[in-house]
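The values are calculated or read from the model by the stated rules, or taken from the named source; none is laboratory data. These figures come from a predicted structure and were not determined experimentally. Cβ placement follows ideal geometry from the backbone for every residue including glycine, while neighbour counts extend to all protein chains displayed. When the accessible area is computed, the model is the full protein with side chains, heavy atoms only, and any ligands, DNA or RNA have been set aside. Shrake-Rupley method; radii C 1.70, N 1.55, O 1.52, S 1.80 Å.
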Amino acid sequence: MKASNTSSTYDVAVVGAGVFGAWTAYQLQRSGKRVILIDAYGAGNSRSSSGDESRIMRMGYGADEIYTRSAQRSLQLWQELFARVDQRLFHRTGVLWLAHEDDPYPLKTAEILEKIGIPFERFTMAEASQRYPQIGLEGIAWAMLEPDSGVLLARRAVQAVTFAATRTGVEYLQDAVGPVDSGTGVSPVNHAQDARATQKLNYITTAGGRSISAGNYVFACGPWLPKIFPDLLAGRIHPTRQEVFHFGAPAGNQSFTSPSLPTWIDFKGEAYGLPDLEGRGIKIAIDRHGSEFDPDTGDRVVTSEGLAEVHQCLARRLPELKDAPVTEARVCQYENTSNGDFLIDLHPEFDNVWLVGGGSGHGFKHGPVVGEYVAARIDGRKEGIEPRFSLASKVMEGKRAVF
Ligand SMILES: Cc1cc2nc3c(=O)[nH]c(=O)nc-3n(C[C@H](O)[C@H](O)[C@H](O)COP(=O)(O)OP(=O)(O)OC[C@H]3O[C@@H](n4cnc5c(N)ncnc54)[C@H](O)[C@@H]3O)c2cc1C
């Protein structure tokens, strides 16, 4: 792509205003950097993984304490941001874990929550059915409630972060950044000590004809990352098609709104649901990887097979709603790494290009901490580098381990 003469210089150019890019731009600006945030379709757009109505904000992550701690800090930062922009975008619905007899994951979750001091309540079956008579407990052995967890209103939350970022000085541009290859806008860097043959990216160009030059470039392009860096990331990040449904409760029935109904997770049954928030209907989805998906052109009309499976789940978990009508449906995509750990690392061929993504169906809640982490790396801080986020740890074969 040919660079135009409309050229600007920044400390950092962040490409992608999903939850990871928006928080990264915001945190970088707060650390004193001059930042531009660029998005092809707009912050929280309906093709992006962050563009859905809602996302679960839970603390429990089995034995993966790193994500529990990140969720705890992120919730605090989300709430501070919502207070700053004066919007109610977190609903403290509580998150109820429906635990199967032979499943170690909720047991480990309880152990870690206890260790860190995150409040939770454990229920026997009798206690759970008394407290939540609208929930069907078939196949469930016990339950556990995180009372302080809940739901982030995702699309609007990303727009709120972008708004807060621009209000504090981030420049925002709606435009598509062209592919980065070794022939465009790059110059070699001499590494006398380790003799690595890396280069520096000097500028990026946009479809709208702008040339943007920055000290560092962050590519937080979610499911688009394998398109932008096909040689490096195709096969390391797999976008998969995921269907999400909302159903309408009978008029005047309050049993399916918060606080009567919490957000619930049937982890082993691969399903989760959210109460009716802001009149959008009860949300239910299957948490199993779907087929490969193209975020630009993929078909976003839900399938009758998907609807049938979710109907079965509805009949099992919220039996009173088994014949409830669909009020909304959408197709979104996960952007999965091999095991579900995030990817936050330097591009191996560039000294100033950062790859940020791999939210893998659970990343939304962590946006604030991802932003802090990237800002610390760009500041050159060495403490707290997480090997699990490295490119080297991202293999081709998928074996989901983080949920
Ligand atoms: C159905 C579903 C349910 C989920 N549930 C949860 C949940 O309950 N809790 C949770 O924490 N997480 C959940 N997730 C995961 C979470 O939503 C994602 O991990 C997260 O939103 C990823 O954010 P991102 O910023 O990496 O990507 P995105 O939100 O996709 O943002 C990438 C952005 O990059 C832009 N872009 C791409 N290419 C270019 C380019 N060339 N130039 C300029 N801009 C570009 C796009 O327009 C887009 O806005 C769920 C995901 C899905 C799909």
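General remarks:
- Taking the Cα centre of the chain as origin and assigning +1 to Lys and Arg Cβ atoms and -1 to Asp and Glu Cβ atoms, the resulting dipole is close to 920 debye.
- Paramagnetic label reach from Asp11 (point 7 Å along Cα→Cβ; backbone nitrogen cut-off under 16 Å): within the range 25-46, residues 25-37.
- Of the residues Tyr10, Leu261, Ala249, the one whose Cα sits farthest toward the positive end of the charge dipole of the chain, with +1 on the Cβ of Lys and Arg and -1 on the Cβ of Asp and Glu, is Tyr10.
- With R₀ fixed at 22 Å, the C-beta to C-beta distance from Glu328 to Gln174 puts the FRET efficiency at about 0.30.
- Packing rank of 309-316, 83-90, 49-56, where each peptide gets the mean count of other beta carbons within 10 Å, highest leading: 49-56, 309-316, 83-90
- The chain - share of DSSP beta bridges that are antiparallel (%, nearest 5): 60 percent
- Spin-label pair Arg288/Asp231, simplified geometry with 7 Å Cα→Cβ offset, distance in nm: 3.8 nm
- Rounded to 10°, Cα long-axis angle of helix 367-378 versus longest principal axis of the chain: 20 degrees
- Ligands, DNA and RNA left out, the 1.4 Å accessible surface of the chain is 51% carbon and sulfur atoms.
- Positive-end residue of Gln76, Val170, Met125, charge dipole of the chain with Cβ unit charges: Val170
- Theoretical ellipticity at 222 nm over the chain - DSSP helices of four or more residues, -39500 (n - 2.57) apiece, nearest 500: -7500 deg cm²/dmol
- Stokes-Einstein D for the range 255-398, Kirkwood Rh over Cα pairs, 37 °C, 0.692 mPa s (µm²/s): 183 µm²/s
- P(r) tail, the range 107-186: Cα-Cα pairs separated by more than 22 Å, 60% of all pairs.
- Taking max minus min of the alpha-carbon positions on each principal axis, the range 54-156 gives extents of 42, 30, 20 Å, largest first.
- Among Arg69, Arg58, the sequence by solvent-accessible area, most first, with a 1.4 Å probe is Arg69, Arg58.
- Accessible area of the range 63-182 divided out per residue, in Å², using a probe of 1.4 angstrom: 45 Å²
- Area of Asp276 that stays accessible when all protein chains are in place (1.4 Å probe, Å², to 10): 30 Å²
- Computed from Cα atoms, the angle from the helix 154-167 axis to the main principal axis of the chain rounds to 40 degrees.
- Thr303-Glu65 FRET efficiency (beta carbon distance; Förster radius 51 Å; 0.05 resolution): 0.85
- Cα-centred dipole magnitude for the range 298-379, charges only on beta-carbon of K, R (+1) and D, E (-1), debye, nearest 20: 400 debye
- Averaged over its residues, the range 194-302 has an accessible area of 38 Å² per residue, based on protein heavy atoms and a 1.4 Å probe.
- Measuring r between the beta carbons of Gln130 and Gln76 and using R0 = 51 Å, the FRET efficiency lands at 0.95.
- On Cα atoms only, tilt of 304-317 relative to the major axis of the chain in degrees: 50 degrees
- Paramagnetic label reach from Glu121 (point 7 Å along Cα→Cβ; backbone nitrogen cut-off under 18 Å): within the range 246-268, residues 255-265.
- Using a probe of 1.4 Å, the accessible surface attributed to Lys33 totals some 40 Å² when neighbouring protein chains are kept in position.
- Given charges at Cβ of Lys, Arg, Asp, Glu: the chain dipole, positive-most of Ser31, Cys332, Phe389: Ser31
- Lysine pairs meeting the criterion (Cα under 18 Å, 8 or more apart or interchain), as found in the chain: 5
- Projected-area average for the chain over all orientations - Cα convex hull basis, square nanometres: 19.9 nm²
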